[in-house]
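Contents: one structure, followed by commentary.
The values are calculated or read from the model by the stated rules, or taken from the named source; none is laboratory data. Since the structure is predicted, the reported quantities are computational estimates derived from the model, not experimental observations. All Cβ positions, even for glycine, are placed from backbone atoms using ideal geometry, and neighbour counts span all protein chains on display. Surface areas here come from the heavy atoms of the whole protein model, side chains and all, with no ligands, DNA or RNA. Shrake-Rupley method; radii C 1.70, N 1.55, O 1.52, S 1.80 Å.
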Amino acid sequence: MEVTITQTEQSMTAKLVGRLDTPSSQEVSQKLEPLMENADKELILDCTEMSYISSSGLRILLTLRKQAAAKGGKVVILNINDEIRQVFMMTGFLNLFEIKNA
Amino acid sequence: MIEISNLRLVFPDGTDLFRGMNLSIQKGEVISIIGPSGSGKSTLLRCINALENPTQGQIFINGKDILDRKANKPAMRRKIGMVFQQFRMFHNLDVLGNVTIGLIRLLDMTPADAEKKAMEYLRMVGLSGKQHAMSSQLSGGEKQRVEIARCLAMEPEVILFDEPTSALDQMMETEVIRVIQDLAKQGMTMVIVTHALEFARSVSTRVLFMNDGVITEDGTPDQIFEHPKHTLTRLFIRDRMSLIWKVNNKDYDLYKINAEIEFYCKKHDFGKKYFTLELITEELLTHFLPFTGPINFRIFVDESKQLAVEVEQENYDQPIIDSPTADEISLMILQGLCRTLTETQEGNNRLISLVVGDPNE
């Protein structure tokens, strides 16, 4: 999975492209470390081009949310596709995150 | 138009095929013959084309027995076109030459007339721009379409297809299937031996199931595919329409498994169901299955037309999904994706059955 990180003063955005599954989860976790370190800011996950997520991917989002909650920041998820939205719904993630669709 | 009566073919090794078979093929029928390898399907086509010498019986083509020693076999064969699995193009001739050769040599047409007619049929199979290409410049699908054009140009009354797509990859298979579907729409009488069951189901007016040298079931595609009378037919169709794979240990290749799931869903037109199937597979492999032995996966459409997954963990007798250590998020995903989720003990093995729902929803 491709992860591209951009930053402003108030927020940090990670654009996730491809599949967030078990084989990619460790690498994605490492690539998202800058977000973990800046968990006091608004952390934006741009999922416009994310095609798939499994529980391994959800766990990464959960860790990010915990960090943000502990440091006073928040996680915003942008543009999830219908299939991923369903996964969020069945696991309760829809209520855990602020989700914005363009 | 074709009447097969009391047909039997005994080979020197004792193989006894057809054992008194009777079969009637009417004009305009598109008949697919399906069944396990070695059941005699291709040999039956070869009998109809007088390429075999049956031990007993008669095969009437428009009232004339092609097996009769006095029959004018070459003349009768011209009424029957045959397309084989392997392409039989003449390598020293271009596409046009391959189609015209039979017209000039067997039907005594002038080269100009033969070319005119050949072009007509090359257009029909979508090869009108390739008339001067040599065999080496053509894909497998194009070669097979040349074969069909060559066959059509002889204006046969019936065409026999012997596994016409089995040597082709999926894209080329689609090209050839479209041509055969067009011929079916035009009312061409065809008998097709095939392993491509979706194709047989979509193109045929009638399907024959052959096993061990005899036709054990004969009916409409709906009767054969939806309500087969015999267990053997049902099992054959079920296995052929399923995606089956085995995982032996934790070094499995998830990319390869996902590619196969995606291919299966595309082939069966299951839309975006691959997402659900890939997710179920990944969650089971990474969070539930204990790998105590080989794991057998099967994706199929069950008797209620629901997309279903069966997973058998060999050598295990404890609950897998209901295990107290089951991962909570994974469990929510599995329960959310499946209409029903059951687990049973089958001898030494643990069987998990998941019903996903309508494959086209």
**Q.** Residues being polar (S, T, N, Q) and either under 23 Å from the mean Cα position of the chain (by Cα) or open to solvent by 60 Å² or more (accessible area, probe 1.4 Å) (or both) - total across the stretch B:1-29
**A.** 4
Q | In the stretch B:250-260, the residues that are part of a helix (DSSP H, G or I) and within 12 Å of chain A (Cβ to nearest Cβ) | A | B:Leu254, B:Tyr255, B:Lys256, B:Ile257, B:Asn258
Q) What is the number of the single condition among (1) in contact with a His (Cβ under 9 Å, 6 or more places away or on another chain); (2) modelled with pLDDT of 90 or more; (3) acidic (Asp, Glu); (4) farther than 25 Å from B:Ile2 by Cα that B:Glu163 does not meet? A) (4)
(Q) Just the residues that are more than 30 Å from B:Thr281 (Cβ to Cβ) and open to solvent by 40 Å² or more (accessible area, probe 1.4 Å), please, taken from the stretch A:1-18. (A) A:Ile5, A:Thr6, A:Gln7, A:Thr8, A:Glu9, A:Gln10
Q) Among the numbered criteria (1) touching an Asp or Glu at 6+ places or on another chain (Cβ under 9 Å); (2) touching a residue at least 40 places away in the same chain (Cβ under 8 Å), which single criterion is violated by A:Ile60? A) (1)
Q. Does B:Lys267 count as open to solvent by 30 Å² or more (accessible area, probe 1.4 Å) and either in contact with a Cys (Cβ under 9 Å, 6 or more places away or on another chain) or not assigned by TED's automatic domain parsing to the domain that holds B:Arg339 (or both)?
A. no
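Residues A:Asp40, A:Asp21: which one is touching a Gly at 6+ places or on another chain (Cβ under 8 Å) and exposed (fewer than 15 other Cβ atoms within 10 Å of the Cβ)?
After ruling out the rest, the residue left standing is A:Asp40.
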Q: Residues that are without any contact (Cβ under 8 Å) to a residue 40 or more places away in the chain and more than 13 Å from chain A (Cβ to nearest Cβ): find the strands (runs of 3 or more DSSP E) completely inside the stretch B:262-361 holding 1 or more of those.
A: B:307-313, B:340-346, B:349-357
Q: Go through the stretch B:30-73 residue by residue and tally those that are acidic (Asp, Glu) and either open to solvent by 40 Å² or more (accessible area, probe 1.4 Å) or within 16 Å of the chain's Cα centre (by Cα) (or both).
A: 1
**Q.** Hits in the stretch B:115-164 - residues which are of a type in the set (Ser, Thr, Tyr) and open to solvent by 60 Å² or more (accessible area, probe 1.4 Å)
**A.** B:Ser136
Q) Has the stretch A:65-74 got any residue that is within 11 Å of the chain's Cα centre (by Cα), of a type outside the set (A, V, I, L, M, F, W, C) and within 14 Å of chain B (Cβ to nearest Cβ)? A) yes
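Which of the residues belonging to the stretch B:246-261 are over 20 Å from the mean Cα position of the chain (by Cα) and in contact (Cβ under 8 Å) with a residue 12 or more places away in the chain?
Taking the stretch B:246-261 as the starting set, the residues that turn out to be over 20 Å from the mean Cα position of the chain (by Cα) are B:246-259.
Matches in the stretch B:246-261: B:Lys246, B:Val247, B:Asn248, B:Asn249, B:Lys250, B:Tyr252, B:Leu254, B:Ile257, B:Asn258.
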